Amino acid sequence: MPSSDVFRRGVGLVAAFGIALGLGLVSLGADRPADEVPAPAGPSQVPDAWLEGTRSARAKRFAELLKEGDNPPALKVGEWKNAESLAWGDLKGKVVLLDFWATWCGPCLASIPHNNDLYARYKGDGLVLIGVCHSRGADLMGKTADDKGIKYPVAADVDGATVAAFAVDSFPDYYFIDRAGKLRILDCKNDHVEDAIKLLLAEKVN
């Protein structure tokens, strides 16, 4: 077909589509039912599939205690290892991953190499990883950190106060505070921790 005919045919198709659109014969989705319109994607959208528990179970668990977007509870901890004492005010502009663990928890100890790897790979991008050790067995925290080769900061909870404040119900549990210093992810599934790290590190503080 001569190129001039192809051009004229293309122009005709564009014109026909424009007329149909103006007459309402075709739609770009404006009249689609609200529940069928895709939700806008964005860095602040955390998929439910990344979170532990159903929506109803999470709502009951956290109730008025914690809410995403709020300031996090204070870290009521004593002994630190691999860092000086840290407070939320020192960490603005960072993404903070809280790893709630225990010296007697097998899965927690098994996760240490992976945590070390995440810390090594993302700390240069602004990740801070803090392991909050359960107060039961915290007297062994320093020795455990040495024996298991923990590279990131760990701190001993005092009388279970931090575990209670964050409504931790299993070990390990992972929580995130974003660059703005706000609670963002409450109890992230273990196999989505790295996804969450990437998501929050990509966000910019206004």
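Just so it is clear, none of the values below were taken in a lab; they were calculated from the coordinates. If you're wondering where the values come from, they're calculated on a predicted model, not measured in any experiment. Counting neighbours? That spans all protein chains shown, and the Cβs are built from the backbone with ideal geometry, glycine included.
Per-peptide packing, taken as the mean over residues of other Cβ atoms within 10 Å, places 194-202, 176-184 in the sequence 176-184, 194-202 from highest down.
Working note: Debye formula, equal point scatterers on the alpha-carbon atoms of segment 83-132, no solvent; log10 I(q)/I(0) at q = 0.15, 0.22, 0.23, 0.28 Å⁻¹ is -0.44, -0.86, -0.92, -1.14. Calculated on C-alpha atoms, the gyration radius of segment 90-197 divided by its Kirkwood radius gives an Rg/Rh of 0.93. When peptides 73-82, 125-134, 148-157 are ranked by their average number of other Cβ atoms within 10 Å per residue, the highest-first order is 125-134, 148-157, 73-82. Placing pseudo-labels 7 Å out from each Cα toward the beta carbon at ASP48 and ALA165 gives an inter-label distance of 3.1 nm.
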